[in-house]
Amino acid sequence: MNIMIVYASRTGNTEQLAWLIQKELGRNGLAADYTRIEDFDLNQLSFYQACIVVTYTWGTGDVPKEMVSLYEAFERKEVSEMVTAIAGTGDQCYAHFCGAVDRFRDMLYVHSNLAVTLKVELSPQRSDGEKCGMFVKKVVERLYSDPLLTTILSR
Ligand SMILES: Cc1cc2nc3c(=O)[nH]c(=O)nc-3n(C[C@H](O)[C@H](O)[C@H](O)COP(=O)(O)O)c2cc1C
């Protein structure tokens, strides 16, 4: 199973969230590649069966500029069977809380097999660990409910 966690983070909150998600995948017996967006080769995107995007929000509910090329790659490439999930941190003081998560959600819903979304206020707290667990469970469920994948595994 090829799973990628790709994240953007300026001050560390979103990196912590990405790390928690990776830990939860491990608890489910799944290993994932894990990388900052700056180190991710977009040509590798189609190689993955699942991609978990983790982003902060910038400007006025905007996708951070370093995430725009990833956003556009999902639109451009054939990823309709890829299981995706979008998580992010934001600040409820802003008018559009986690706007980047909403932007990715709407696009991934159209272009991929979107399983779940998650929004976290600033730095993940203890209670967010449980939410990460639920988030990862939804990704895993979607991966194993793919009819094509089930056929391959049962042979
Ligand atoms: C200039 C600026 C604009 C921001 N705009 C938003 C916003 O529109 N919506 C939101 O939910 N959070 C917004 N935030 C809050 C960040 O998304 C939040 O602090 C996030 O946790 C930062 O993640 P990081 O620590 O991984 O960089 C903004 C922060 C800054 C500094």
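The values are calculated or read from the model by the stated rules, or taken from the named source; none is laboratory data. The shown structure was predicted, so the numbers you read here are calculated from the model rather than taken from an experiment. Note that each Cβ is placed from the backbone with ideal geometry, even for glycine, and that neighbours are counted across all protein chains shown. Side chains are part of the model used for accessible areas, which takes the heavy atoms of the whole protein and leaves out ligands, DNA and RNA. Shrake-Rupley method; radii C 1.70, N 1.55, O 1.52, S 1.80 Å.
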- [ ] On a C-alpha basis, how far is the centre of region 1-80 from the centre of region 109-129 in Å? Whole number, if you could?
- [x] 12
TODO: Enumerate the calculated ³J(HN,Hα) couplings along region 82-93 in order (Karplus 6.51 cos²θ - 1.76 cosθ + 1.60, θ = phi - 60°), each rounded to whole Hz, writing x wherever the residue is Gly or Pro.
DONE: 6, 6, 10, 8, 10, 10, x, 10, x, 10, 5, 5
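So what is the 222 nm mean residue ellipticity for the chain from helices alone, if each DSSP H run of at least 4 adds -39500 (n - 2.57) and you divide by all residues, rounding to the nearest 500 deg cm²/dmol?
Helix contribution divided over all residues of the chain: -13500 deg cm²/dmol.
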Open item on the list: Just to confirm, what accessible area per residue do you get for the chain at 1.4 Å probe, in whole Å²?
Closed with: 53
Task: Carbon + sulfur, % of accessible area of region 1-154 - ligands and nucleic acids excluded, 1.4 Å - done: 50
TODO: Pairs of Cα atoms under 8 Å, at least six residues apart: use those to get the relative contact order of the chain, whole percent.
DONE: 24
Task: DSSP-defined antiparallel bridges as percent of all bridges, the chain, nearest 5 - done: 5
Open item on the list: Connecting C-alpha atoms closer than 10 Å in a GNM of the chain, tell me which of Cys93, Cys51, Cys132 has the biggest fluctuation.
Closed with: Cys93
TODO: Return one number: the angle in degrees, 0 to 90 and rounded to the nearest 10, between the long axis of the Cα atoms of helix 13-27 and the longest principal axis of the Cα atoms of the chain.
DONE: 20
Task: q = 0.12, 0.13, 0.18, 0.19 Å⁻¹, the chain: log10 I(q)/I(0) [Debye, one scatterer per Cα] - done: -0.45, -0.53, -1.05, -1.17
Open item on the list: Can you tell me which of Leu143, Leu118, Leu30 moves the most in a GNM of the chain? Springs connect C-alpha atoms under 10 Å apart.
Closed with: Leu30
Task: Whichever aspartates and glutamates have a C-alpha closer than 13 Å to that of Lys131, once near sequence neighbours (fewer than 8 apart) are set aside - done: Glu24, Glu121
TODO: Give the angle, between 0 and 90 degrees and rounded to the nearest 10, that separates the Cα long axis of helix 126-145 from the longest principal axis of the Cα atoms of the chain.
DONE: 30
Task: Long-range amide H partners of Val120 with built H, under 5 Å - done: Gly88, Thr89, Gly90
Task: Most mobile listed residue (Val116, Val79, Val68) in the chain, GNM with C-alpha springs under 10 Å - done: Val68
Open item on the list: Among Val136, Tyr48, Ile86, whose Cα projects farthest towards the positive end of the dipole of the chain, with charges put on the beta-carbon of Lys, Arg (+1) and Asp, Glu (-1)?
Closed with: Val136
